[in-house]
Amino acid sequence: MMAAAIGMFREDVMASYSTNEFKGGLKIMMDGDPCSIIENEFVKPGKGQAFNRVKIRNLMTGRVLEKTFKSGESVEGADVHETEMQYLYTDGEFWYFMDPETFEQVSADAKALGDAVKWLKEQDVCTLTLWNGSPIIVEPPKFVVLNVTDTDPGLKGDTSGSGGKPATLETGAVVRVPLFVQIGEAIKVDTRSAEYVSRAKED
Amino acid sequence: MKATESWRPSASLETLRARAGLLTGVREFFQRRGVMEVETPVCSRFGVTDPAIESFTTRYAGPAAPPGRTLYLHTSPEFPMKRLLAAGAGPIYQICKVFRGGELGAKHNPEFTLLEWYRPGFDHHRLMDEVAELVNSLMPHQLEVEKLTYAEVFRQALQLDPHTATLAELRRCAREVPIPGAAELELVQADAWLDLLLTHVIEPQLGRARMTFLYEYPASQAALARIIPSSPPLAERFELYLAGVEIANGFNELTDAQEQRNRFEQENSERSEQSLAQIDMDLHLLAALEAGLPACAGVALGIDRLLMQITQKACIEEVLSFGFERA
């Protein structure tokens, strides 16, 4: 994978974790992919073998899987961390982000971007999950301000706003907006629910 | 957790009132039946050899032990209670805190409350009946009682004979269920595979809107139960399940001193194989068995887990005044 190339030259040896260190959020390697522990259940008969039954999210595929370990076993840790980076631009194949403090740049591919792509506006600060230094997940800001590029002019004066209407935003995302929202206006959108929040304040 | 939060109890006051009511109910039950309440030492110079149980230790230094002495915190009051039985105490019960290392989770706390009782003259079937009567006297609703053998539940759930299945058959069964990760698990003993299948596949189905007793365990899992020399040999051991959770473990008690010594030695040699510390076997218990333990059945019941069932709590710390992280 291209996006991971930067990380391939890192020499860091990751710690391994015993099942006693398992907890929600711990990042471990599983079948070659970085994973995050969601839930860890300690299972032990009164007189017998102890197990850790865990629910894990594969950070590359987003899939949730279960796995049982013998208590006391160790697994390899994954060099995964989250960081805030500013979105710069895209060349159509990669999306480029910059650490606002070190000015270090990384590029993410479409797979890492996923749905975030429809909310990305230059200069916005996103949360990137890096594995061995390369982005594997890009999360847009919780709220973004985007211009409406297309929507039905609708009936001016109808402010009951019951049904709303679809509006296309500058990034290509389509959200439902109240009838009074017009082309050229900037609106605030909650990216988690893809819902209109308000008209953006005029600066 | 910040101290400004963690000073608070992990159980609600309503649950703590239910705990007090439960303990009162247990004491009344045994008082009506003429079973005597006893107390035995928490700290002992001898420990438990069972490789699956990890004892806490502490140190005493002072009169009688000037250089200091290592003491084990009890993991169950079984050994001293049997010494009381050998001394002629008659039927006895105890409610006490016990301690087990390495056990923490939604159903485990390193210190927890056991109710343990012994009935001279009872076999394990008669004791199962008494366990059911006690539990029904404490539960908000009466539960039907079901008794199934260990072999029956494995046959029904997995079409597997737990007494004869080979390591390879058990591993294949776990992979086919499937239990995720079974293919990579390194379990060298058949009993560990049986524990895996029992905890992951069978237990969740036991005690659903009823009380389920499992009995006739493999001889290799006898612990301190008598073994019937049948083919296959069967341990006169039972467990109670409520809503998929193990609540109690009982035995038709082993009374043979030599056999007990053999089992202690066997467990200590398993400990060496697993690179676990050797534990000093309880010589007081062996001497009491030599002197004569009356034929009896005994059972240990987890009070915290029973309270979880009564109050419908999913996590043990919700029934403890202060769970491990707040202790």
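Testing B:G250 on (1) surrounded by 14 or more Cβ atoms within 10 Å (Cβ to Cβ); (2) free of Cβ contacts under 8 Å to residues at least 60 places away in the same chain; (3) within 14 Å of chain A (Cβ to nearest Cβ); (4) under 17 Å from B:I53 (Cβ atoms), one condition comes back false. Which one is that?
Failing condition for B:G250: (2).
From B:E78, B:E37, B:E111, B:E28, grab the single residue that is modelled with pLDDT of 95 or more and crowded, with 19+ Cβ neighbours inside 10 Å. So that I can check it myself, show each step before the final result.
Details: B:E37 fails: crowded, with 19+ Cβ neighbours inside 10 Å; B:E111 fails: crowded, with 19+ Cβ neighbours inside 10 Å; B:E28 fails: crowded, with 19+ Cβ neighbours inside 10 Å.
Step by step, each of B:E78, B:E37, B:E111, B:E28 is checked, and only B:E78 is modelled with pLDDT of 95 or more and crowded, with 19+ Cβ neighbours inside 10 Å.
Six or more apart or on different chains, Cβ under 9 Å: which pairs go from a residue in segment A:60-73 that's facing another protein chain (nearest Cβ under 8 Å) to one that's part of a loop (DSSP other than H, G, I, E, B) and of a type in the set (K, R)? Could you list them?
Within 9 Å, the pairs are A:S71/A:K44.
Can you name every residue in segment A:104-148 that is more than 25 Å from A:D79 (Cα to Cα) and of a type in the set (S, T, N, Q)?
Answer for segment A:104-148, where residues must be more than 25 Å from A:D79 (Cα to Cα) and of a type in the set (S, T, N, Q): A:Q123, A:N147.
Name the single residue that is farthest from B:N268 (Cα to Cα) among those in segment B:47-68 being touching a strand residue (DSSP E or B) at 6+ places or on another chain (Cβ under 6 Å) and of a type outside the set (F, W, Y).
The selected residue is B:A61.
Among the residues in segment B:194-202, are any touching a residue at least 24 places away in the same chain (Cβ under 8 Å), over 18 Å from B:R261 (Cα atoms), buried (at least 21 other Cβ atoms within 10 Å of the Cβ) and acidic (D, E)?
So far as segment B:194-202 goes, no, none of its residues is touching a residue at least 24 places away in the same chain (Cβ under 8 Å), over 18 Å from B:R261 (Cα atoms), buried (at least 21 other Cβ atoms within 10 Å of the Cβ) and acidic (D, E).
Confirm whether B:R261 is within 14 Å of chain A (Cβ to nearest Cβ), at negative phi, free of Cβ contacts under 8 Å to residues at least 60 places away in the same chain and part of a helix (DSSP H, G or I).
No; evaluated as a whole, the condition is false for this residue.
Looking at (1) over 20 Å from the mean Cα position of the chain (by Cα); (2) closer than 22 Å to A:E185 by Cα, find the lone condition where A:E73 falls short.
In the conditions (1) over 20 Å from the mean Cα position of the chain (by Cα); (2) closer than 22 Å to A:E185 by Cα, A:E73 misses (2) alone.
Tell me, which residue of segment A:40-52 that is at the interface with another protein chain (Cβ under 7 Å from one of its Cβ atoms) and not small (G, A, S) is farthest from B:H200 (Cα to Cα)?
Out of the qualifying residues, it is A:K47.
Yes or no, residue by residue, for (1) free of Cβ contacts under 8 Å to residues at least 12 places away in the same chain; (2) in contact with a Leu (Cβ under 8 Å, 6 or more places away or on another chain); (3) not small (G, A, S):
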residue	(1), (2), (3)
B:E273	yes, no, yes
B:L286	no, no, yes
B:G292	no, no, no
B:V299	no, yes, yes
B:I310	no, yes, yes
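The values are calculated or read from the model by the stated rules, or taken from the named source; none is laboratory data. For clarity, every value in this text was computed on a predicted model and none was experimentally measured. No Cβ is skipped: glycine too gets one built from the backbone with ideal geometry, and neighbour counts run over all protein chains shown.
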